[in-house]
Protein chains: 2
Amino acid sequence: MIAAIVLIGDELLSGKVQDVNARYLIERLRALGVDLRRVLILPDDVPTLAEEIPRLAAQVDVVFTSGGVGPTHDDVTMEGIAAGFGAPLFQHPELEALLRARRGDQLREAHLRMARVPEGTTLIPGGVIRWPTTLFRNVYIFPGIPELLRAKFEAIAPRLQGARIYADAIELEADEGAIAPLLEATQDDFNVAIGSYPRFSEGAGLWVRITVESRDEAAVAAAIAHLRDALPSATRSPPEG
Amino acid sequence: MIAAIVLIGDELLSGKVQDVNARYLIERLRALGVDLRRVLILPDDVPTLAEEIPRLAAQVDVVFTSGGVGPTHDDVTMEGIAAGFGAPLFQHPELEALLRARRGDQLREAHLRMARVPEGTTLIPGGVIRWPTTLFRNVYIFPGIPELLRAKFEAIAPRLQGARIYADAIELEADEGAIAPLLEATQDDFNVAIGSYPRFSEGAGLWVRITVESRDEAAVAAAIAHLRDALPSATRSPPEG
């Protein structure tokens, strides 16, 4: 299962707000064994969302959007998705009933914006959050408020079909260029994904962290053993990711 | 001037490494008055980079990429850009000479990968970093190592044409839905960009932060004054962004 994340909000692009939602989703998708292939941060702009979200939805199995679903003029995620997929917005009676029950005589016209979803939207129980999660085709539409996004993600997590990814890593003092052929050959021979990440440590020279990943646990162990044989100075570092 | 950022690296999508480069570039572009319209995180995959980077370069004035320019098999940014723009990779004599001077008899074949750039690449002095910055069309190609990216960005920053953005903000205890019409009317009447960001404070009810931005300083001041008149409970909060 291949996933993509779209964060929507001018405030992220201007630096007024620092993202925490992508970070959360990245970690959770990894733990669930879902492959994440794209993260996009997009502005609160209907034409941009209309162009980018359907394109992304065609490239991956599942898209998660965050933000732009409140009652104000800068909340345009539903409008963007509706325009992009050519699905008209409609006032969902179940969402409208929830808003009326919650707000009573405090209900304003603007609140009713939150009941407008593209035709064809499925409502999924929102877990600990009373407001349902909206799913349009393969796009889960989450709110930007981190507490709400997390609760809603956890409510749909059992629907995601991942497969555990095994990972291990070694570190050594080395010049990446000198060990590059070994890394590439090991990746090919053991059919694993190898990453090489240089670090500069002041006074300690050049260090490289080499990560090995696969859905085949034995392949990871064999590749690591091979690298350790070839690189006797390598130290094992705690597995991450 | 409209900009986009592309972070390249499987390690960002798997959560093995947390981004700091987008955060840095977002803040600096804002301070320089350059409008950022997109951030993408993409995998170390030539076809993906070849598809996405030229598309993005056509949508904005300037693109900054981060990562994937080292000597190992997972460093494929140059290959992706070359494939995407149909510009063959070639061994740049100036970069090769730098590598030979730096490495001497420690030079390995893999190091020479770092001298391969798409035909038509311009080399720009890298500021405090001896290695030049590579510019291909409107794409600045930066390394992923944060210290190097920062030095190289600062070296090219004087080339960017921004215009100062003025910003101010107020906060109040309110339901976003109740003030939504006021916000939209104020945005239209004063020709400013207004953002509305709800916060949940435990025990303190619903708070909203309202931001007002424009390249016209007087318009920001007038819109803020108008909002404060209409929302007497608003408190001024320190301007951000």
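Observations on the model:
- Protein heavy-atom surface of chain A, 1.4 angstrom probe: 50% of the accessible area is carbon and sulfur, with nucleic acids and ligands not counted.
- Debye log10 I(q)/I(0) at q = 0.10 Å⁻¹ for the protein assembly as shown, Cα point scatterers: -0.82
- Note on A:Ile141: accessible area approximately 10 square angstrom, rounded to 10, probe 1.4 Å, nucleic acids and ligands left out.
- Amide hydrogen proximity for A:Asp175: with H placed 1.01 Å from N in the peptide plane, no residue at 5 or more positions away or on another chain lies under 5 Å.
- Pairwise centroid distance, computed over Cα atoms, of the range A:1-49 with the range B:65-80, Å: 23
- Within a Gaussian network of chain A (alpha carbon springs, distance under 10 Å), most fluctuating of A:Leu206, A:Leu99, A:Leu160: A:Leu206
- Out of every Cα-Cα pair that the range A:146-201 contains, those further apart than 19 angstrom amount to 55 percent.
- 10 Å Cβ neighbours from other chains, averaged over peptide B:137-145: 1
- Alpha-carbon Debye profile of the range A:166-230, log10 I(q)/I(0) at 0.14 Å⁻¹: -0.38
- For the range B:131-190 versus the range A:92-162, the gap between their alpha-carbon centres in whole angstrom: 30
- Our Cα-only numbers for the range B:2-159 put the radius of gyration and Dmax at 14.8, 46 Å.
- DSSP finds beta bridges in the protein assembly as shown, and of those with both partners inside it, around 65 percent are antiparallel.
- Anisotropy class of the range A:106-241 from Cα gyration tensor, a/c 1.5 cut: prolate
- Listed by chain and number, the aspartates and glutamates whose C-alpha is less than 12 Å from the C-alpha of A:Lys16, apart from same-chain residues fewer than 8 away, are B:Glu27, B:Asp168, B:Glu213, B:Glu240.
- Protein heavy-atom accessible surface, 1.4 Å probe, per residue over the range B:2-159: 38 Å².
- For A:16-23, mean number of other protein chain Cβ atoms within 10 Å: 4
- Chain B - share of DSSP beta bridges that are antiparallel (%, nearest 5): 65
- For the protein assembly as shown, the 222 nm mean residue ellipticity estimated from helices alone, with every DSSP H stretch of n ≥ 4 adding -39500 (n - 2.57) and the total spread over all residues, rounds to -11500 deg cm²/dmol.
- GNM flexibility winner over chain B from B:Gly144, B:Gly67, B:Gly104 (Cα, springs under 10 Å): B:Gly104
- At 7 Å out from Cα toward Cβ: B:Asp188 inter-copy label distances (nm, ascending): 6.3
- Protein accessible surface hidden between B and A, which excludes ligands and nucleic acids, total in Å², probe 1.4 Å: 4700
- Within 10 Å of the Cβ of each residue in B:38-44, the mean number of Cβ atoms contributed by other protein chains is 6.
- Nonlocal amide H pairs with A:Asp35, under 5 Å, H built at 1.01 Å: A:Ala3
- The range B:166-230: relative contact order in percent, alpha carbon pairs under 8 Å with at least 6 residues between: 43
- Label point distance in nm, A:Gln106-A:Asp216, each placed 7 Å from Cα along Cα→Cβ: 5.9
The values are calculated or read from the model by the stated rules, or taken from the named source; none is laboratory data. None of the values given here were measured: they were computed from a predicted structure. So basically every Cβ, Gly included, is an ideal-geometry build from the backbone, and we count neighbours across all protein chains shown. Heads up: the accessible areas ignore ligands, DNA and RNA and are worked out on the full protein's heavy atoms, side chains in. Shrake-Rupley method; radii C 1.70, N 1.55, O 1.52, S 1.80 Å.
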